[in-house]
Amino acid sequence: MSTFATKLIHWQKLHGRNSLPWQNTRDPYAIWVSEIMLQQTQVATVVPYYLRFLHRFPDIESVASGSEDEVLALWSGLGYYSRGRNLHRAARLIAREQGGIFPRGLEIIQQLPGIGRSTAAAIAVFAYGEQCAILDGNVKRVFARCFGMDGYPGERKNEMLLWRKAEELLPEKNEQDQIGIYTQALMDLGATICTRAKPQCMTCPLRQECIALRDDHVNRLPAPRPRRLLPEKETVLLMLMRQGKVLLEKRPATGIWGGLWCLPEMPLSEDTLAYCTRHFGMNVEPLAHMPPLDHTFTHFRLRIHPQPLQVISYPAALKVQGQDETMWITPDDALKAAIPAPVRKLLMQYGYPQSGQSIEKQL
DNA sequence: AAAGCGGGGGG
DNA sequence: CCCCCAGCTTT
């Protein structure tokens, strides 16, 4: 009778993933970048962003000497931009205070901005072989099913319980050199077998001990997060065109699309032409109408009304109230900048009506 | 159309 | 502390 860890290690060697771009390295920097990108984001999405990021920023020193704007530009489309800002902050911190050497040790790693307990553990395991437990969304799902945990795994007491289990189940002394394989096995099992929908229980290495499978509760576990209904909001995004260029504003560092370049936002209640006169001192006239674009966040739904406008006249010194940074940029260049996904979509629709262009083609 | 995913920050 | 926030993909 082999243990939990032994089964997973054996399964990983036969069926796990072993050639992802961030595997087969012990470079803590490369592992760090991958783990940050993999927060909230699936492998297939991350791969092209990761390759591009490491090509431009091959080490901590290069990130630290690059601008936040450039980091965010490479992050554009990946979402959760505070991850990019924190990565940049942390790189500068490490460059300045640690001579560019990524720290060792779970607790130290966890003190870096953007790195919590699970991410720190993953880095400590993959880069240094430390005996640490991870607990990401995949692992929570695997555990909730395997142990038949009824409650919502995000609830405090359940999460504490899961962390305790995660630590108990770490490999025994004789297999501690396999901690990386074991950790990868947990991730891969959640990603390829113990999936949210249609899990492949028949080929699962844990099928003999899985409580959810035994009790036919696999599709009920893990318990879903308690929901509250989404508020809906509407806003206007102005597409001010002048000499083939569009006006972008840099958003404040915090809040929605923090630090990204965005089309100027205007309340739906205002009159467009009056707003442009008052806010920018511009004379404008409407261009071809564009249909509204719906964008969903976790906590609200946003209906965006794009408003393309031709600038007829504008003041010599464009000074926008409460906005320290604005720029005129061609839509082509804007697509290479740090812009949120809906703005990217609008600019692409504007530049290439009809055809949709996927992120992979641009990368 | 709805659900899921780690960590930071504010109340 | 606990609760809210963030943006994209998958189902």
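The values are calculated or read from the model by the stated rules, or taken from the named source; none is laboratory data. This one's a predicted model, so the numbers in the text were calculated from it and none came from an experiment. Positions of Cβ are backbone-derived with ideal geometry, glycine not excepted, and every protein chain shown enters the neighbour counts. For accessibility, only protein heavy atoms count, side chains too; no ligands or nucleic acids. Shrake-Rupley method; radii C 1.70, N 1.55, O 1.52, S 1.80 Å.
So what does A:Phe280 come to for accessible area, using a 1.4 Å probe and Å² rounded to 10?
In the full protein context, A:Phe280 sits at about 10 Å².
At a 10 angstrom cut-off on C-beta neighbours, averaged per residue, how do the peptides A:239-246, A:264-271 rank from highest to lowest?
On the way: A:239-246: 17.1, A:264-271: 12.9.
The peptides rank, most packed first, as A:239-246, A:264-271.
Sort A:Lys165, A:Lys345, A:Lys173 from largest to smallest accessible area, using a 1.4 Å probe on the heavy atoms of the protein chains.
From most accessible down to least: A:Lys173, A:Lys345, A:Lys165.
Label points 7 Å out from Cα along the Cβ direction at A:Leu293 and A:Asp332: separation in nm?
My value for the distance between the label points is 2.0 nm.
In whole percent, what relative contact order does the range A:4-220 give with Cα contacts below 8 Å and a gap of six or more residues? Can you show the working numbers first?
Numbers: 251 pairs, mean separation 52.7, N = 217.
Reported relative contact order: 24 percent.
Please work out how much length the chain gains when fully extended from A:Asn283 to A:Phe300, using 0.36 nm per residue of separation minus the C-alpha to C-alpha distance, in nm with one decimal.
Full extension from A:Asn283 to A:Phe300 adds 2.8 nm.
Checking a compactness column here: for chain A, what do you get for Rg(Cα) / (2.2 N^0.38 Å), N being the number of residues?
1.16
Please give the FRET efficiency for A:Thr272 paired with A:Glu325, using the beta carbon to beta carbon distance and R0 = 25 Å, rounded to the nearest 0.05.
Rounded to the nearest 0.05, the efficiency is 0.65.
For A:Thr203 and A:Arg17 in the same chain, what is the full-extension length gain: residue separation times 0.36 nm, less their Cα-Cα distance, in nm?
65.4 nm
Using r as the Cβ-Cβ distance of A:Leu51 and A:Glu167, and R0 as 25 Å, what FRET efficiency do you calculate, to the nearest 0.05?
0.15
Take A:Gln131 and A:Arg96, extend 7 Å from each Cα along the Cα→Cβ direction, and tell me the distance between the two endpoints in nm.
3.8 nm
Taking the DSSP beta bridges in chain A as the whole, what percent of them are antiparallel, to the nearest 5?
Bridges in chain A are about 65 percent antiparallel.
Using a Förster distance of 22 angstrom, determine the FRET efficiency expected from the C-beta separation of A:Ser65 and A:Arg104, and round it to 0.05.
Using R0 = 22 Å, I get an efficiency of 0.40.
Given Cβ point charges of +1 (Lys, Arg) and -1 (Asp, Glu) and nothing else, what value in debye, to the nearest 20, does the dipole of chain A about its Cα centre take?
I would put it at about 600 debye.
What distance in nm lies between label points placed 7 Å from Cα along the C-beta direction at A:Ala317 and A:Thr235?
Taking the two extended label points, one gets 2.8 nm.
Could you work out the helix-only [θ] at 222 nm for chain A, with each DSSP H run of four or more residues adding -39,500 (n - 2.57) and the total divided by the number of residues, to the nearest 500 deg cm²/dmol?
Theoretical 222 nm ellipticity from helices: -11500 deg cm²/dmol.
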